[in-house]
């Protein structure tokens, strides 16, 4: 992570992945999608979302 890392909210990730809240939190809970907690807010680094998508694409292609 760099100092200029962009952080996404759960609703932003929901929109980008076209998934519901429960599905996004399940990905976080199973550590498939990295996240951090800032106070009471959950944030997902944009790089973590990119890595998650690339991993899934690689897995599907194999």
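Read the figures in this text as sums done on the coordinates, not as results from a lab. Everything numeric in this text was worked out from a predicted model, so none of it was measured. Please note: Cβ atoms are built from the backbone with ideal geometry, for glycine as well, and neighbour counts cover all protein chains shown.
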Exercise for the section: Quick one: angle between helix 46-61 and the longest Cα principal axis of the chain, in degrees between 0 and 90, rounded to 10, please. Expected result: 10 degrees
Practice task
Please work out the C-alpha center-to-center distance from segment 26-61 to segment 8-23 and express it in whole Å.
Solution key: 11 Å
Handout entry: Top of 33, 49, 19 by mean-square fluctuation, Gaussian network on the chain, Cα under 10 Å
Key = 19
Practice task
From zero up to wherever the largest Cα-Cα distance of the chain sits, split into 10 Å bins and tell me the percent of pairs in each.
Solution key: 21, 56, 20, 2
Practice task
Normalising by the residue count of segment 7-61, find the relative contact order in percent from Cα pairs under 8 Å and 6+ residues apart.
Solution key: 35 percent
Problem - Separation in nanometres of the label points that stand 7 Å from Cα toward Cβ, at residue 4 and residue 31 - result: 3.1 nm
